[in-house]
């Protein structure tokens, strides 16, 4: 009579699989989940980097954030961050789609132009921001110099609260529009030509083919670009830090820069941690809602 193995082969296979992924799980626990737990703990303390000791203060920091002096700063940072995100989403999605339609030609000349548009994506944001500091300079910047030919007076792009955020978006647009273009171009190549040929035989115009075929077939790509661009735009920091430092008059004080100010300038790790947790929850909720709403409007036929 054949003896049955003491351990089920499926169980053995599962144990081997678990052992293989165990190092990754340990690293994730150390560098992701432990910092999150530590951040939650800090939010219930009065930890100031200038002091050697700290104490638990309960919900004091949360009350400060949602029902105290921190509320107005939270709302201002939320407003500025959302305005910036709307600007970057518009540039990446709309601008990227327009450029993709323009350069959707498979020849040498258009390949060179696509490369020129996409190339700024390889430039580090810090380097691009330093260059734009000169371009947007009120007195010696090349942008105001070019505008002077049209009789337009010099504009204080980075010193005016009404233009500062728009100036930051110039840097973002310069780097992001090529990325959106390339993502849309790769998706357009995957759309079967049969759809367009059948629509043409039925008498559909170019606009109808674009609106009824191209846009629905690009919906998975649009969702991908929307989510990734939104998350990256909500975490903008380098360009704000170099170009405006959150000013003037808090007009570019985005969420992440506010966290940096509390942690590294005011040394209030307790308040920085509270804002960071609120920011994390906000991103989590918005991303979940985006996927929930998009379930009925995204087509994966292509």
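Any read-out appearing in this document is the output of simple, stated calculations on the displayed coordinates, not a laboratory observation. Please read these numbers as outputs of a predicted model, since none were measured by experiment. No Cβ is skipped: glycine too gets one built from the backbone with ideal geometry, and neighbour counts run over all protein chains shown.
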message = Please give the Cα centre distance for the range 98-122 versus the range 63-87, rounded to the nearest Å.
response = 38 Å
query = Rounded if a/c is under 1.5, else prolate if a/b beats b/c, else oblate: with a ≥ b ≥ c from the C-alpha gyration tensor eigenvalues square-rooted, which is the chain?
reply = oblate
Contact order relative to length of the chain, as percent, for alpha carbon pairs under 8 angstrom and 6 or more apart = 26 percent
query = Per residue of the chain, what 222 nm ellipticity follows from adding -39500 (n - 2.57) for every DSSP H run with n ≥ 4, rounded to the nearest 500?
reply = -19500 deg cm²/dmol
request  = Return the whole-Å distance between the Cα centroid of the range 129-197 and the Cα centroid of the range 220-293.
outcome  = 21 Å
task = Name the shape class, rounded, prolate or oblate, that the alpha-carbon gyration tensor gives for the range 208-302, where a ≥ b ≥ c are the square roots of its eigenvalues, rounded holds for a/c under 1.5, and otherwise prolate holds if a/b is larger than b/c and oblate otherwise.
result = prolate
note = Note on the range 1-157: alpha-carbon gyration tensor, axes a ≥ b ≥ c; rule is a/c under 1.5 for rounded, else prolate if a/b larger than b/c, else oblate; result oblate
note = Contour minus Cα-Cα span, residue 14 to residue 267, at 0.36 nm per residue, comes to 86.4 nm
ask   = Taking the highest mean first, how do the peptides 55-63, 70-78, 233-241 order by number of other beta carbon atoms within 10 angstrom per residue?
value = 233-241, 70-78, 55-63
task = Please find, in a Gaussian network model of the chain (springs between Cα atoms separated by less than 10 Å), the residue of 136, 243, 282 whose mean-square fluctuation is greatest.
result = 282
request  = Go through 272-280, 151-159 and give me the packing order, highest mean Cβ count within 10 Å leading.
outcome  = 272-280, 151-159
query = Reported to two decimal places, what Rg/Rh ratio describes the range 126-200 when computed on Cα atoms with Rh from the Kirkwood expression?
reply = 1.27
query = If packing is taken as the mean number of other Cβ atoms within 10 Å per residue, what is the order of 89-100, 283-294, highest first?
reply = 89-100, 283-294
